[in-house]
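Enquirer: Take a look at this one; I'll ask things after.
The values are calculated or read from the model by the stated rules, or taken from the named source; none is laboratory data. Values in this document were obtained by computation on a predicted structure and should not be read as measured data. Reconstructed Cβ throughout: ideal geometry from the backbone, glycine too, with neighbour counts over all protein chains shown.
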Amino acid sequence: MAMPVALTLEGRLEKVVELYMKEGYATSKAEVVRMGLMKLEEELHARETDERKGWLMLSQESMKRMWDNPKEEETWSKYY
């Protein structure tokens with residue numbers, strides 16, 4: 001289902017749209033806006049993924065310190 005949207009761009013945003021069209025990256029204003037939204041989605045997804053990796057690493061280190069046992073070192077090494 002399409003979502004019709006009407007918006008007005010002025011100033012810097014207007015110039016960005018005009019530049020992308022002039023340079024041939026897009027053939028319409030709507031296409032430029034779509035490209036921007038896709039880029040935003042990619043960046044947000046990448047940020048979430050990086051944050052999850054960070055939390056996972058902290059969690060693993062925390063658990064390892066809590067259960068610090070030389071006999072279990074081989075087991076821990078399987079998980080990271």
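Enquirer: Tell me the residue from ALA26, ALA30 that is in a loop (DSSP other than H, G, I, E, B), of a type in the set (Gly, Ala, Ser) and either in contact with a Lys or Arg (Cβ under 8 Å, 6 or more places away or on another chain) or at pLDDT 90 or above (or both), please.
Expert: ALA26
Enquirer: Please indicate, with yes or no, whether at least one residue in the stretch 38-56 is assigned to a helix (DSSP H, G or I), surrounded by 10 or more Cβ atoms within 10 Å (Cβ to Cβ) and at pLDDT below 75.
Expert: yes
Enquirer: Step by step: first the residues of the stretch 12-37, then only those that are among the acidic types (Asp, Glu) and surrounded by 10 or more Cβ atoms within 10 Å (Cβ to Cβ), then the one that is nearest to the chain's Cα centre (by Cα). Which residue is that?
Expert: The selected residue is GLU31.
Enquirer: Ok, one more. Please work out if GLU72 is modelled with pLDDT under 70, assigned to a helix (DSSP H, G or I) and among the charged types (D, E, K, R).
Expert: yes
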